[in-house]
Amino acid sequence: METTKTILRILTVYGNAESRDAYVIRDFLKRSVVTFEWVPIADMAAFINIFPEVYVVEGQNLPAVKLPDGNFIFNPTVEDIACNLGWITKPKLKEYDISIFGGGPAGLSAAVYAASEGLSTVLVEREAIGGQAGTSSLIENYLGFPGGISGNDLAERARQQAVKFGVDILLIRKSVKAQFIDQKLHVDFTDGNKIIARSNVSATGVEYLRLDIPDEDKYLNAGIYYGAGASEAFLCANQHVFVVGGGNSAGQAALNFSKHAKKVTMIIRGNDLAASLSYYLLDRIQQKKKIEVLFNSRITAVDGNNSLSEITVSNSVTQDTTVYKAKFVFVCIGGKPNTSWATDTAIVRDDAGYFVTGGDLYRPPFDKKWDKSFNPAFLETSVPGCFAAGDVRHNSVKRVASAVGEGAMAVTFVHRYLHDTY
């Protein structure tokens with residue numbers, strides 16, 4: 001991936017509007033700041049009518065993606081698309097000073113500061129650069145951007161900065177094994193590649209919680225979407241859109257959808273948006289006639305054929321239930337940490353799975369879960385040289401600015417660790 005905006009190459013995506021696979025592609029391209037045109041078509045027969053000159057092998061199906069060179073790929077994974085755009089690379093070094101897992105604000109910040117200070121740095125991201133913040137349509141309270149900036153644009157600027165300083169970025173990477181050997185982190189990836197690092201920063205963030213209702217998986221990415229849905233806003237014209245959650249990401253999503261949708265309904269379990277929403281968002285939502293808020297409410301049932309067509313909403317106070325026609329439900333209800341990779345390591349996690357760091361390790365019940373063989377720095381886990389930054393950390397502040405700050409701060413502690421150890 002180049003350091004300039006030349007990565008914004010125009011692609012065209014053809015597919016059925018209700019296709020799960022097509023949504024995954026649109027979401028990935030939007031988060032990766034790739035310009036694309038979406039063309040809804042019913043099936044392969046319609047595609048062949050439009051492009052009779054394109055050779056189609058039996059079994060190939062939609063969605064189809066037209067690449068910048070004019071060639072088509074059919075029913076591709078995001079990895080296939082990334083490969084065709086030249087984004088999938090092998091590790092440049094056998095061993096790095098620092099490995100950073102997670103390409104959200106904390107990970108990107110750590111990468112920029114580490115590489116700019118001379119450390120050989122590799123950043124590993126399993127999906128698209130930007131993390132959960134990258135799905136936000138607009139971040140308005142981040143310092144230095146009075147007009148706001150979209151999450152994916154902020155992430156893309158940080159990516160370019162990291163590449164400029166020499167960060168080795170490995171995209172669409174999933175690990176099969178992570179272990180600490182001789183004070184170094186060894187990670188094996190599913191594609192057969194491996195990296196070794198003398199220190200590590202985990203900035204893997206969180207993933208959205210599920211609604212935990214019957215048939216939820218049936219409509220996943222076919223009416224029920226997790227995240228702020230920035231890629232789907234243009235498809236919601238004249239629709240009734242539902243946003244589940246009362247935090248800033250949900251509030252920003254509701255405001256974004258209100259520019260396109262006929263109506264936006266926020267569904268929250270509490271009785272007061274002010275308890276979870278920043279004032280500037282609360283004030284705007286209250287003034288938007290298109291946005292309504294259902295308090296003390298939750299979705300209890302979903303229905304439809306191949307895609308979502310209706311939801312049942314229950315009120316916990318009145319016990320009333322209401323059925324709504326619904327094609328778009330966006331869920332932003334908090335998250336769980338992406339720390340499963342550390343299950344077989346000595347890293348202490350809390351009951352929810354978040355990494356415990358610094359002085360918190362000396363507090364019950366965590367004090368009994370490690371050997372206290374060293375004095376951990378503020379962001380250091382129970383394994384020397386392994387740090388955590390951003391949302392993945394126990395008791396972290398769930399804000400972009402704090403994640404960026406922790407990423408930078410972690411690099412300071414990494415320097416001290418490397419100086420004292422090697």
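The values are calculated or read from the model by the stated rules, or taken from the named source; none is laboratory data. Bear in mind that the values here come from a model prediction, so they are computed numbers and not experimental data. Reconstructed Cβ throughout: ideal geometry from the backbone, glycine too, with neighbour counts over all protein chains shown.
Here are the numbers for the structure shown:
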{"quantity": "Condition met for residue 231 (touching an Asp or Glu at 6+ places or on another chain (Cβ under 7 Å) and of a type in the set (Gly, Ala, Ser))", "calculated": "yes"}
{"quantity": "Set 137, 109: member being farther than 20 Å from residue 179 by Cα and either in contact with a Leu (Cβ under 7 Å, 6 or more places away or on another chain) or in a loop (DSSP other than H, G, I, E, B) (or both)", "calculated": "137"}
{"quantity": "Within the stretch 316-422, strands (runs of 3 or more DSSP E) holding 2 or more residues that are modelled with pLDDT of 95 or more and touching a Ser or Thr at 6+ places or on another chain (Cβ under 6 Å)", "calculated": "321-325"}
{"quantity": "Filtered residues of the stretch 371-386 (kept if over 13 Å from residue 416 (Cα atoms), polar (S, T, N, Q) and either surrounded by fewer than 24 Cβ atoms within 10 Å (Cβ to Cβ) or in contact with a Lys or Arg (Cβ under 6 Å, 6 or more places away or on another chain) (or both))", "calculated": "373, 382"}
{"quantity": "Filter result for residue 166 (surrounded by fewer than 23 Cβ atoms within 10 Å (Cβ to Cβ), small (Gly, Ala, Ser) and either assigned to a loop (DSSP other than H, G, I, E, B) or touching a residue at least 24 places away in the same chain (Cβ under 8 Å) (or both))", "calculated": "yes"}
{"quantity": "Complete set of residues in the stretch 42-56 that are outside any helix (DSSP H, G or I) and over 16 Å from residue 73 (Cα atoms)", "calculated": "42"}
{"quantity": "Test: residue 372 is at positive phi and without any contact (Cβ under 8 Å) to a residue 12 or more places away in the chain", "calculated": "yes"}
{"quantity": "Residue match in the stretch 63-82 (condition: under 29 Å from the mean Cα position of the chain (by Cα), assigned to a helix (DSSP H, G or I), buried (at least 16 other Cβ atoms within 10 Å of the Cβ) and without any contact (Cβ under 8 Å) to a residue 12 or more places away in the chain)", "calculated": "yes"}
{"quantity": "Criterion (touching a Leu at 6+ places or on another chain (Cβ under 7 Å), charged (D, E, K, R) and under 28 Å from residue 177 (Cβ atoms)) met by exactly one of 79, 95, 125", "calculated": "125"}
{"quantity": "From the options 192, 229, 223, residue that is modelled with pLDDT under 90 and more than 23 Å from residue 353 (Cβ to Cβ)", "calculated": "229"}
{"quantity": "Single match in 176, 206 (criterion: farther than 26 Å from residue 105 by Cβ and either surrounded by 17 or more Cβ atoms within 10 Å (Cβ to Cβ) or not hydroxyl-bearing (Ser, Thr, Tyr) (or both))", "calculated": "176"}
{"quantity": "Residues that are of a type in the set (A, V, I, L, M) and either crowded, with 18+ Cβ neighbours inside 10 Å or at pLDDT below 95 (or both), drawn from the stretch 295-315", "calculated": "299, 302, 308, 311, 313"}
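Conditions (1) farther than 19 Å from residue 324 by Cβ; (2) in a loop (DSSP other than H, G, I, E, B), marked per residue:
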residue: 282; (1), (2): yes, no
residue: 286; (1), (2): yes, no
residue: 289; (1), (2): no, yes
residue: 298; (1), (2): no, no
residue: 301; (1), (2): no, no
residue: 309; (1), (2): no, no
